[in-house]
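S.K.: Pasting a structure below so you can have a look.
The values are calculated or read from the model by the stated rules, or taken from the named source; none is laboratory data. If you're wondering where the values come from, they're calculated on a predicted model, not measured in any experiment. Positions of Cβ are generated from backbone atoms using ideal geometry, with glycine treated the same way; all protein chains shown enter the neighbour counts. All accessible areas refer to the heavy atoms of the entire protein, side chains included, with ligands and DNA or RNA removed. Shrake-Rupley method; radii C 1.70, N 1.55, O 1.52, S 1.80 Å.
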Amino acid sequence: MAELKTHPATGLSSIEASSLLRKYGYNEITENKTHPLLNFLSKFWGLTAWMLEFIVVLSLFLHNISDAYVVGGLLIFNALISFTLEQSAANAVAELRKKLQVNVKLLRDSTWKTALARELVPGDIIRVRIGDFVPADFIIIDGQLSVDQSALTGESGEVDMVAGKTVYSGSIVTKGEATGTVTLTALNTYFGKTAQLVKSAAPQSHIDEVLAKVVKWLLFIVTALLIVAFVVSMIRGMNPLQLLPLMLVLLLGAIPVALTAMFTISMALGSKELSGQGVLVTRLNAPNDAASMDILCVDKTGTLTINKLTVANLIPAQGFTQDQVLLFGALASQEADHDAIDMAMINAASEKKLVNDTFVQKSFIPFDPKTRKTEAVIVNGNEQFSIMKGAAETLYQDCGLNNIDIANWNKQIDELAKSGYRAIAVARIKDNKTQFAGLVALHDPPRPDSMQIIKDLEDLGVMVKMLTGDALPIAEEMSKALEIGDKILNATVFKDSLKDPQKAIALLEQNSGFAGVYPEDKYNIVKTFQANGNIVGMTGDGVNDSPALKQAEVGIAVSNATDVAKGAASIVLTKEGLSSIPAPIITGRKMFERINIWILNKITRSIFKTCFVVFAYLIFGKYIISASAILIIIFMTDFVKVSLATDNVIISKKPAKWGINRLAKVGLVLGLLMTIEAFPLLYYGLHQLNLNTDNNALCTYSFEIILYFGLFSLFVVREKRHFWNSWPSKTLLFLLIGDMILGVFLATFGLLTFKAIPLNDTLIVIGYTALISFAINDLIKYVLLRLWRMDMP
């Protein structure tokens with residue numbers, strides 16, 4: 001009190017409080033936010049954006065103003081889509097992080113008043129009572145409390161607080177009233193330090209790695225072909241500047257213009273689908289990370305369990321029955337207090353219809369930390385007796401130590417503890433004689449769906465690890481009950497192993513979970529798994545779970561989670577229970593398959609387009625297609641193929657692993673194969689259709705070859721088995737058919753920049769490309785995917 005310069009009778013003055021407020025700041029946890037304009041501008045930075053910007057500059061240099069406008073429009077379109085959808089997700093996070101304004105009763109200028117909790121400063125005198133949210137760390141100076149610290153520690157039981165004890169911010173008062181002195185506020189509190197750890201946590205970004213690999217592969221292909229064309233041109237004595245238009249065409253054809261949009265839209269549609277299944281996505285790429293998740297760290301209390309004490313066992317003493325023990329426990333309880341132990345016994349007795357109106361509670365003495373028991377006087381007709389319940393050691397004394405086999409009862413209490421149960425003793429006072437009636441074993445049972453969820457996750461290739469702040473016996477019992485595994489280790493062993501990363505990861509892999517876990521332990525466990533290359537998920541509900549929720553690629557907050565936990569998580573369950581947890585994994589793996597198809601098709605078509613154009617240039621010495629025609633193909637294929645986000649796919653039973661190098665190999669072979677297959681068609685056009693003398697008609701004809709080979713290749717690569725094993729989604733099918741019809745109209749009627757060619761020529765191109773794609777390329781694809789061990793359904 002002297003150090004804080006305050007007095008319990010007067011509190012701080014308004015002037016002192018204002019000075020301290022300037023010194024310590026408001027009692028709130030601020031959040032660092034990036035300005036939306038900077039977020040938008042960031043979309044123009046990165047390898048894909050740089051390539052598009054280079055094309056714009058090159059187009060202006062070559063005086064291709066229309067191409068510059070089109071590519072610039074594509075660049076802005078990509079940025080707008082990504083920014084809009086990410087802002088929408090950010091707004092959802094902001095809504096989750098909004099907290100109700102908490103009011104507090106405090107003593108200022110010798111007057112008790114109600115103020116906002118954010119205005120508290122160290123030295124303030126506050127008053128809390130049952131049901132209050134503790135707004136800051138404070139020391140009790142008068143009164144006594146029972147508080148629920150489960151949001152901070154993960155423990156579901158109440159903690160008794162008396163004068164001199166520190167009550168932590170974030171706790172909830174469940175019993176009693178007390179006056180105290182605020183010692184710490186905002187980030188200095190236990191709650192605040194945990195929130196700071198949440199801020200420092202940052203999951204790894206795997207989407208950016210995938211995007212970079214795809215772009216680098218395509219850039220490598222274009223560069224290699226340009227070098228070949230450059231060398232041949234030099235040998236022929238041609239001006240190297242003549243390669244600039246070819247460079248523009250190749251870049252336009254190879255760059256994955258819509259890949260970022262495909263990722264973003266696919267993830268947004270997946271998130272929308274999940275919202276209908278009771279899953280709210282607060283980070284847009286969370287379902288994609290969920291698809292790759294191979295480790296799920298599960299918090300026990302409130303996640304695997306219902307976070308509610310229930311009666312697990314009844315052990316009567318000689319002369320009493322189980323029903324009597326339960327009845328006595330219920331009669332020594334009071335519903336109005338909403339005490340977890342009282343409610344457990346009252347509910348159990350009500351279910352067995354043991355309690356009725358004939359039992360009248362004449363008086364009730366609530367739980368006192370000093371006596372460690374409750375006591376009630378009961379009237380039942382003409383009969384009157386007293387009931388006590390509480391700590392066994394206390395009731396031993398009341399019953400007389402010589403009248404009880406204490407060693408036997410303590411042995412049974414120890415056995416219950418090993419099974420994860422908490423023992424409450426019950427006694428009856430009748431005719432001035434106190435009789436020990438028996439024990440009531442309480443526990444926090446698992447949710448009805450927990451075991452099935454764990455099995456479902458294992459079927460999906462996700463290994464479950466249980467992390468809990470509970471004691472080792474309780475953790476072991478819960479792990480066995482849910483069939484997670486029988487190897488549970490104390491967290492202190494893991495903490496001691498952190499100096500040796502190999503030993504730490506070995507402990508994590510060899511054990512089913514850890515007991516006695518603190519927030520820092522959960523955070524370090526997640527980071528250790530990530531350092532080993534695992535994609536980690538973490539479930540939880542309290543502030544103590546938040547750092548690990550934020551650090552994990554897939555942080556899952558359950559429906560009753562605190563605001564801090566929800567804000568830290570990337571996925572929030574909005575329905576009761578855990579049945580929604582597999583949903584983001586399944587949806588994410590669907591998204592993964594669809595994006596894989598898009599990437600494979602893009603690599604295949606990019607290799608085909610660039611090889612076809614370069615080799616035709618090297619062989620015939622002319623450009624067979626214009627830059628504007630390539631742009632039209634981009635509009636007709638890349639952006640229409642965003643509908644792959646709705647395609648029908650079969651998911652893998654294993655965690656999704658990005659295999660860009662293997663996809664690139666398959667795409668390389670198929671692309672080169674399509675190039676070889678396209679030249680007979682080009683030769684036919686040049687010599688049989690006399691297009692050798694009409695460059696504009698040749699451009700239209702080459703446009704059709706590239707377009708229809710690309711469209712039919714999508715039908716081939718979208719199915720890992722043979723193309724006939726599954727049908728595309730209606731959206732994808734209709735848009736592809738629409739693309740084909742549009743191509744016919746453009747070529748037949750000479751629309752946009754094209755010169756009209758006969759319909760018969762177009763039908764020959766369609767027939768040839770369809771036959772080759774379905775008869776030859778589909779078989780080659782099927783063999784390649786198995787040869788390179790791509791995950792098959």
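S.K.: Need the list of aspartates and glutamates near K720 for cross-linking: C-alpha distance under 16 angstrom, and skip anything on the same chain fewer than eight residues off.
M.R.: The reachable aspartates and glutamates, counting only those whose Cα sits under 16 Å from K720, are E593, D647, D778, D791.
S.K.: Say the cut-off is 23 Å between C-alpha atoms; which of K522/K590; K213/K499; K590/K730; K495/K566 go over it?
M.R.: K522/K590; K213/K499; K495/K566
S.K.: Can you pull the semi-axes for region 688-793, root of five times each eigenvalue of the Cα gyration tensor, sorted largest first, whole Å?
M.R.: For region 688-793, the semi-axes come out at 31, 16, 10 Å.
S.K.: Starting from the eigenvalues of the Cα gyration tensor, five times each then square-rooted, give me the equivalent ellipsoid semi-axes of the chain, largest first, whole Å.
M.R.: Equivalent-ellipsoid dimensions as semi-axes: 69, 30, 20 Å.
S.K.: Given the Cα-Cα distance of T223 and N103 and 0.36 nm per residue of separation, how much length would full extension add, in nm? Display every interim value, and only then the final one.
M.R.: On the way: separation 120, 0.36 × 120 = 43.20 nm, distance 6.46 nm.
Result: 36.7 nm gained on full extension.
S.K.: OK, next. Sort 225-236, 463-474 by packing, meaning the average of other beta carbons within 10 Å per residue, with the highest value first.
M.R.: Numbers: 225-236: 14.5, 463-474: 22.3.
Peptide ranking by packing, descending: 463-474, 225-236.
S.K.: Follow-up question, since we're still on this one. Which value in nm describes the separation of the simple spin-label points at N380 and D496, placed 7 Å from the Cα toward the beta carbon?
M.R.: My value for the distance between the label points is 5.2 nm.
S.K.: In addition: By the scheme Lys and Arg +1, Asp and Glu -1, what is the net charge of all other residues having a beta-carbon under 9 Å from that of I341?
M.R.: -1
S.K.: For region 430-479, restrict the atom set to alpha-carbon positions and state the Rg and Dmax in Å.
M.R.: Over region 430-479's Cα set, Rg and Dmax evaluate to 18.8, 64 Å.
S.K.: Computing the accessible area with a 1.4 Å probe over protein heavy atoms, can you report the carbon and sulfur percentage for region 466-604?
M.R.: 49 percent
S.K.: Another question about this same structure. Counting only helical runs of four or more DSSP H residues, what would the 222 nm mean residue ellipticity of the chain come to if each run contributes -39,500 (n - 2.57) and the total is spread over all its residues?
M.R.: Computed mean residue ellipticity for the chain: -16000 deg cm²/dmol.
S.K.: At I76 and N402, where each label point lies 7 Å from the Cα along Cα→Cβ, what is the point-to-point distance in nanometres?
M.R.: Spacing of the two 7 Å Cα→Cβ label points: 9.8 nm.
S.K.: Related question: Listed highest first by mean packing, meaning other Cβ atoms within 10 Å per residue, what order do 647-655, 290-298 come in?
M.R.: The most tightly packed comes first, giving 290-298, 647-655.
S.K.: Here is a follow-up. Once fully extended, how much extra length lies between L771 and K433, figured as 0.36 nm per residue of separation less the alpha-carbon to alpha-carbon distance?
M.R.: 111.9 nm
S.K.: Follow-up. Helix 259-275 against the longest principal axis of the chain: what's the angle in degrees, Cα atoms only, rounded to the nearest 10?
M.R.: Between helix and principal axis, roughly 40 degrees.
S.K.: Sticking with this one: Using only the heavy atoms of the protein chains and a 1.4 Å probe, how would E704, E158, E509 rank by accessible area, largest first? Display every interim value, and only then the final one.
M.R.: Details: E704 0, E158 50, E509 100 Å².
In descending accessible area the options line up as E509, E158, E704.
S.K.: Give, as ranges by residue number, the residues of region 717-740 whose backbone N falls under 20 Å from the point 7 Å along Cα→Cβ of V783.
M.R.: 717-725
S.K.: Quick check: pseudo-label points 7 Å beyond the Cα along Cα→Cβ at Q412 and M238, how many nm apart are they?
M.R.: Here the answer is 9.6 nm between the modelled labels.
S.K.: In addition: If R₀ is 35 angstrom, what is the calculated FRET efficiency for the pair K213 and L742, using the beta carbon separation as r and rounding to 0.05?
M.R.: That pair, K213 with L742, gives E of 0.60.
S.K.: For the full complex of protein chains and a 1.4 angstrom probe, list E375, E553, E273 by accessible area with the highest value first.
M.R.: Greatest to least solvent exposure: E273, E375, E553.
S.K.: Which value, in Å², gives the accessible area per residue of the chain when a 1.4 Å probe is used on the protein heavy atoms?
M.R.: Result: 43 Å² per residue.
S.K.: I want to verify the translational diffusion coefficient of region 326-414 in µm²/s; compute it with Stokes-Einstein, Rh as the Kirkwood radius over Cα pairs, at 25 °C and 0.890 mPa s.
M.R.: 175 µm²/s
S.K.: Of all beta bridges DSSP finds with both residues in the chain, what is the antiparallel percent, to the nearest 5?
M.R.: That works out to approximately 75 percent antiparallel.
S.K.: Right, something else. Against the 2.2 N^0.38 Å scaling, with N counting residues, where does region 389-431 land? I'd like the Cα-based Rg ratio to two decimal places.
M.R.: 1.20
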